[in-house]
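Data first, discussion second: the structure below is written as structure tokens.
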Amino acid sequence: MSSVRIEPALTTGDLGPVSTSFLELRDLRVHFPTGDGLVKSVDGLSYRLERGKTLGIVGESGSGKSVTSLAIMGLHKNTSARLSGEIWLDGEELITASAEHVRTLRGKKMAMIFQDPLSAMHPFYTVGNQIVEAYRIHHKVTKKAARAHAIDMLARVGIPQPKSRVDDYPHQFSGGMRQRAMIAMALSCDPELLIADEPTTALDVTVQAQILDLIRDLQQEFNSAVIIITHDLGVVAELADDIMVMYAGRSAEYASAEQVFGQPEHPYTWGLLGSMPRLDRDRSERLLPIKGTPPSLINVPLGCPFSPRCNYSGLVGDHACTTDRPEFRDVGGGHRIACHLSAQQRQQVWEDEIRPNL
Ligand SMILES: Nc1ncnc2c1ncn2[C@@H]1O[C@H](COP(=O)(O)OP(=O)(O)OP(=O)(O)O)[C@@H](O)[C@H]1O
Ligand code: SF4
Ligand SMILES: [Mg+2]
């Protein structure tokens, strides 16, 4: 049994003022009770996203990127997951909304490209039928027109012979083709919010570029908000307006893409940028992985969760890095970080050690 105190679920009466952003997460927590203790997969995450904008979310495996997205999609409802905080989508709060209501928002209001394509598809219906049914819920069109749309979508994600493949079942597709079919499903209703969770892993470079173009088209045509989750900093550099760097279920850094690539302020982001493959370096020089591993989400270190791996905690007095949780604060112009280093210390490390080696 875990001795950790669990926060009660919010009731409508607990909610603050209605968010005016298209999407806003306020202090989101997603905890999973397990035999080993409470897994704090997401632990106090806040961000905003407006229509027409793209947010890139990066962070190592297990940092809570997918769990956050599943929370927005309402997919932790009716499970043992414990959620608190607020998720506002276009003026509606989704944590307190019923599972039935959130289901009606999936498809047109929000859609997700899942990391695992099989989890998003029904095994007993053809791929075409799944697109047709979803499309017809939100568009008053004939079955024939919806089928033509499904075929068009399969063609646009690069599925050969879409006219015959439309009648195949998910298990008849290879892994890569299934991923494309799932992307076609997610894009088929022109969602106002698209969450793309590692949309291009397992796809070859040409198809990757095609998929990213489709996402860009969706955004331009429908002014959609897009969240793109990836390990590939090249993809976020190309697509994202803003970037959030996650570590151990929290935000380490949040800023515009220019700021994150031009002058990152958090030691973890420095590490991520240092581990980014570079075409202008030879292979041996290319990757400098961050030493150590992320913390257990059952026993997250007191203080800064990155402290066991951070090269700069010694610069902060009173061992604050191991005792005080750094507040996620604005360090100027909307650039936010959770780190105790002073502006002067960050500037000095950046100029002397980090920038020359990137
Ligand atoms: N149902 C669950 N029960 C217990 N722990 C879970 C559950 N779902 C996720 N987790 C844990 O929550 C953490 C965050 O998972 P999540 O899938 O969000 O990571 P991620 O950032 O998407 O990683 P990746 O880059 O590998 O996809 C992981 O440690 C994972 O094991
Ligand atoms: S708060 Fe301390 S341990 Fe955490 S990133 Fe900043 S310097 Fe490193
Ligand atoms: Mg994931």
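The values are calculated or read from the model by the stated rules, or taken from the named source; none is laboratory data. It should be emphasised that the depicted structure is a prediction, and the values quoted were computed from it without experimental measurement. FYI the Cβ positions are ideal-geometry reconstructions off the backbone, even for glycines, and counts take in every protein chain you see. In case anyone asks, the SASA skips ligands and DNA or RNA and just uses the protein heavy atoms, side chains included. Shrake-Rupley method; radii C 1.70, N 1.55, O 1.52, S 1.80 Å.
Considering only residues that are in a strand (DSSP E or B) and of a type outside the set (Asp, Glu), which ones fall in the range 238-269?
Result: ILE243, MET244, VAL245, MET246, TYR247, ARG250, SER251, ALA252, TYR254, ALA255, SER256.
Tell me the residue from LYS140, LYS144 that is without any contact (Cβ under 8 Å) to a residue 40 or more places away in the chain and either in a loop (DSSP other than H, G, I, E, B) or within 16 Å of ligand 3 (Cβ to nearest atom) (or both), please.
The match here is LYS140.
Take GLY334 and tell me if it is open to solvent by less than 60 Å² (accessible area, probe 1.4 Å), at pLDDT below 90 and either more than 16 Å from ligand 3 (Cβ to nearest atom) or under 20 Å from the mean Cα position of the chain (by Cα) (or both).
When the stated conditions are applied, GLY334 does not pass them.
Within the range 200-234, work out how many residues are buried (at least 23 other Cβ atoms within 10 Å of the Cβ) and closer than 30 Å to ARG309 by Cβ.
Here the count works out to 3.
So which of GLY64, GLY13, GLY59 is near ligand 1 (Cβ under 9 Å from one of its atoms) and modelled with pLDDT under 95?
So the residue among GLY64, GLY13, GLY59 that is near ligand 1 (Cβ under 9 Å from one of its atoms) and modelled with pLDDT under 95 is GLY59.
Within the range 18-44, restricting attention to residues that are modelled with pLDDT of 95 or more and away from ligand 1 (no atom under 16 Å from the Cβ), which residue is surrounded by the most Cβ atoms within 10 Å (Cβ to Cβ)?
So the residue we want is LEU23.
May I ask you to list pairs of residues, at least six apart or on different chains, whose Cβ atoms are under 7 Å apart, with the first in the range 56-79 being in contact (Cβ under 8 Å) with a residue 60 or more places away in the chain and the second being of a type in the set (Lys, Arg) and near ligand 1 (Cβ under 10 Å from one of its atoms)?
What qualifies is ILE57/LYS65; GLY59/LYS65.
Which of the residues belonging to the range 174-199 are surrounded by 23 or more Cβ atoms within 10 Å (Cβ to Cβ), assigned to a loop (DSSP other than H, G, I, E, B) and at pLDDT below 90?
Passing the criteria: only PRO199.
Got at least one residue in the range 117-124 being within 25 Å of SER69 (Cβ to Cβ), open to solvent by 60 Å² or more (accessible area, probe 1.4 Å) and not in a helix (DSSP H, G or I)?
Scanning the range 117-124 turns up at least one residue that is within 25 Å of SER69 (Cβ to Cβ), open to solvent by 60 Å² or more (accessible area, probe 1.4 Å) and not in a helix (DSSP H, G or I).
Enumerate the pairs (first residue in the range 305-324 and within 16 Å of ligand 1 (Cβ to nearest atom); second residue anywhere and small (Gly, Ala, Ser)) with beta-carbon separation below 6 Å, excluding pairs fewer than 6 apart on the same chain, so at least 6 apart or on different chains.
Every condition considered, the pairs that remain are PRO305/ALA248.
When you go through ASP167, ASP90 one by one, which is the residue that is open to solvent by 20 Å² or more (accessible area, probe 1.4 Å) and on the phi > 0 side of the Ramachandran plot?
ASP90
Would you please name the residue that is farthest from ligand 3 (Cβ to nearest atom), looking only at residues in the range 297-321 that are over 22 Å from ALA343 (Cβ atoms) and open to solvent by 60 Å² or more (accessible area, probe 1.4 Å)?
LEU302
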